[in-house]
Amino acid sequence: MRFPFTGKNSVLKGMDRPAGEAGGPVGEAGWPVGMIAGVCLFLSFFLFSVSWAKDIIVPTDRSTIQGAVDSAAPGDAVVIEDGRYAENVVITKAITVRGRSGYAGVIIEAKNAELPVVKVHGVTGAVVTGVTAKGSNAYGIHFYRSSGCTLSNNRAAANSTGIYLEYSNNNTVSGNVAEGNANEGISLFSSNNNLLSGNNANANSEKGITLLSSSGNTLTGNTADSNYWNGITLWSSNGNTIRNNTALNNTYAMVVSYSEDNDITDNNMMRRIYYLLPVALVYFAIIVYFIEKRLFIIFFSAPSVEAS
Amino acid sequence: MIALLASIGFMFAVVTFLAGFRMVRRADHQAEVLMHRVNGYCTITLYLVLASVSVAKNFGALYLAAWIIGFILHMMKVALARTKYVMRYGSYMGAALLITWLIVIFTHLPS
């Protein structure tokens, strides 16, 4: 009588390997079982540890922006549909907050006017783009102790200060509009190595762009026109690069004080250019006068005119 | 927009003033008589258009009063120039109108 599990075709045949043969148990495809187990373990670890970035839509998924920000995990994006939102948003993780159609459609007004409309607090790598922040007696958008963040294509209007970076380094601030604020349009305080490019800080009641105790920043292609006092201000700020900026029609185009080693080149600056307007108009009018006189003589000429 | 229109108005006023100044010195200068009148009409028309637009945007008693005073100054200049005995003072009045236009420009410059 044959024992059922010890024949030639028995499933236990693999266990008949002689002692001392290299390698562990081998699967049917010839892979070591240990390797397969390792790959499975790695994949399961990878799938459970990595959370896939997702979009949270406001107001579809969450009714408020702050609610969406709170429920977002790092790497997620909060996408805001067009509309007006009365909130004070605080971002404390590396997420993206994005207005669906840009700042013209997404308007966030300060619910509590004494707080910033949007505050990025202690974050590395957050992105804020395409929103309008208005109506705060503090700041429109406030970066506090944040680094490596991006602030692009936003509008900050009718605040005390439009965009304020405080103790924040290595951030990118580009393509923003900071206008009609009661104090400064864009202000940096103790913030180093930031890039400010292509921003408009126009028609603010005090100053356009201000750097206070901030070093190593690069300002390029910004516009600071028609501010009541200074277009661009550097105070106790060293080693900044300020190139290809425009500062027209301010009381003072640029004021640099207690600051050293700044590279200030190729900027377009002029104080109150409109004061020159009547002079130019008078010259232009004299040219028009002579042209017009010639035309009148041609079309309505009288003999006495020709004689003269 | 208003500043731009005011700038054009100021130019019209300057051309009118130059033509008028020459016209007074050389009364036989027909082209300048015509120029002075045409440019003068254009200036006053532009002033009225500007006043309408400006008052429609920012209505206020003082605002309206300022525009009316400016218009009265324009009319006074026309009346003065057409009065035989005080015609010589027309150029002073014309110069005053240039100042009026400068005020219009500077009060409407973008802030």
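The values are calculated or read from the model by the stated rules, or taken from the named source; none is laboratory data. Only a predicted model underlies this, so the values are computations on that prediction, with no experimental measurement involved. Here Cβ is always computed from backbone atoms with ideal geometry, including for glycine, and neighbour counts include all displayed protein chains. Calculation scope for accessible area: heavy atoms of the full protein, side chains included, ligands and nucleic acids excluded. Shrake-Rupley method; radii C 1.70, N 1.55, O 1.52, S 1.80 Å.
Summarising the amide proton neighbourhood of residue A:211: residues at separation of 5 or more, or on other chains, whose placed amide H is nearer than 5 Å comprise A:188, A:233, A:234, A:235. Surface calculation, 1.4 Å probe, protein heavy atoms: residue A:277 sits at approximately 50 Å² accessible. Peptide B:1-11 has a mean shielding of 3, counted as Cβ atoms of other protein chains within 10 Å of each residue's Cβ.
With 25 Å as the limit, write out which pairs from A:93/A:134; B:57/B:77; A:93/A:207; A:134/A:207; A:119/A:207; A:54/A:93 have Cα-Cα distances beyond it, or answer none.
On the way: A:93/A:134 23 Å; B:57/B:77 28 Å; A:93/A:207 31 Å; A:134/A:207 17 Å; A:119/A:207 22 Å; A:54/A:93 14 Å.
Those over the limit are B:57/B:77; A:93/A:207.
Considering every Cα-Cα pair within chain B, what fraction, in whole percent, is farther apart than 17 Å? Beyond 17 Å sits 52 percent of the P(r) for chain B. Residues whose amide H falls under 5 Å from that of residue A:251, counting only those 5 or more places apart or on a different chain, are A:229, with hydrogens built in the peptide plane.
For the stretch A:199-206, backbone phi angles converted through the Karplus equation (6.51, -1.76, 1.60; θ = phi - 60°) give residue-by-residue couplings of 8, 10, 10, 10, 6, 9, 6, 10 Hz, Gly and Pro being listed as x. Converting phi to 3J(HN,Hα) with the Karplus coefficients 6.51, -1.76 and 1.60 and the offset θ = phi - 60°, the stretch A:288-295 yields 4, 4, 5, 5, 5, 4, 4, 5 Hz in sequence order, with x at every glycine or proline. Note on residue A:84 and residue B:21: the model spin-label points, each 7 Å out from Cα along the C-beta direction, lie 5.4 nm apart.
Amide H to amide H under 5 Å from residue A:143: which residues, 5+ apart in sequence or cross-chain, H placed 1.01 Å off N in plane? For residue A:143, the qualifying residues are A:120, A:164, A:165, A:166. Using a cutoff of 8 angstrom between alpha carbon atoms and counting only pairs six or more residues apart, the relative contact order for the stretch A:158-308 works out to 15 percent. Measure nothing but the geometry: give the 0 to 90° angle between the long axis through the Cα atoms of B:2-25 and the longest principal axis through the Cα atoms of chain B, rounded to 10°. For B:2-25 against chain B, the angle is about 10 degrees. Each residue of the stretch A:133-149 was assigned a 3J(HN,Hα) from its phi angle through the Karplus curve 6.51 cos²θ - 1.76 cosθ + 1.60 (θ = phi - 60°); the sequence is 10, 8, x, 10, 7, 9, 10, x, 10, 10, 9, 10, 6, 10, 9, x, 9 Hz, with glycine and proline shown as x. Label separation (residue B:45 vs residue A:218): 5.5 nm, computed from points 7 Å beyond Cα along the C-beta direction. Could you give the angle, 0 to 90 degrees to the nearest 10, between helix B:90-107's Cα long axis and the longest principal axis of the Cα atoms of chain B? It works out to around 20 degrees. Of the residues A:85, A:103, B:41, ranked by 1.4 Å probe accessible area with the largest first, the sequence reads B:41, A:103, A:85. Once all protein chains are placed together, residue B:11 keeps about 30 Å² accessible to a 1.4 angstrom probe.
Once all protein chains are placed together, residue A:292 keeps about 30 Å² accessible to a 1.4 angstrom probe.
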